[in-house]
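Worksheet for the structure shown next.
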Amino acid sequence: MANGESDRMVPSKNTLALAARLPRGELVPLYPDAGHGGIFQYHDEFVAQALGFLES
């Protein structure tokens, strides 16, 4: 699960709750000062983490 610290479309508390309910869920740290586009603002970090998750 990933979202920005200031995400209004998907509140951070919803992301935390969803990650806790998914058997293979992995919470990516909230991207600081980012909104819904956090994965684009922090694309280098996000891609590296996503690839690591998919390879596991």
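The values are calculated or read from the model by the stated rules, or taken from the named source; none is laboratory data. What you see is a predicted model; the values in this text were computed from it and never measured. In this analysis, Cβ positions are derived from the backbone assuming ideal geometry, glycine residues included, and neighbour counts consider all displayed protein chains. Accessible surface is based on the protein model in full, side chains and every heavy atom, while ligands, DNA and RNA are left aside. Shrake-Rupley method; radii C 1.70, N 1.55, O 1.52, S 1.80 Å.
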Taking the stated definitions as given, is VAL10 aliphatic (A, V, I, L, M) and part of a loop (DSSP other than H, G, I, E, B)? yes
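Taking the stretch 35-45 only, how many residues are out of contact with any Asp or Glu (no Cβ under 6 Å at 6 or more places or on another chain) and surrounded by 14 or more Cβ atoms within 10 Å (Cβ to Cβ)? Talk me through it step by step, then tell me what you get.
So the first thing to find is which residues in the stretch 35-45 are out of contact with any Asp or Glu (no Cβ under 6 Å at 6 or more places or on another chain), and the list is 37-45.
Still in the list and also surrounded by 14 or more Cβ atoms within 10 Å (Cβ to Cβ): 37-39, 41-42, 45.
The total comes to 6.
Among what's in the stretch 13-34 and is part of a helix (DSSP H, G or I) and in contact with a Gly (Cβ under 9 Å, 6 or more places away or on another chain), pick the residue that is most open to solvent (accessible area, probe 1.4 Å).
Here the residue is LEU18.
Would you call ALA19 in contact with a Ser or Thr (Cβ under 7 Å, 6 or more places away or on another chain) and touching a residue at least 12 places away in the same chain (Cβ under 8 Å)? Let's see the steps before the verdict.
Values: in contact with a Ser or Thr (Cβ under 7 Å, 6 or more places away or on another chain): no; touching a residue at least 12 places away in the same chain (Cβ under 8 Å): yes.
Criteria not met by ALA19.
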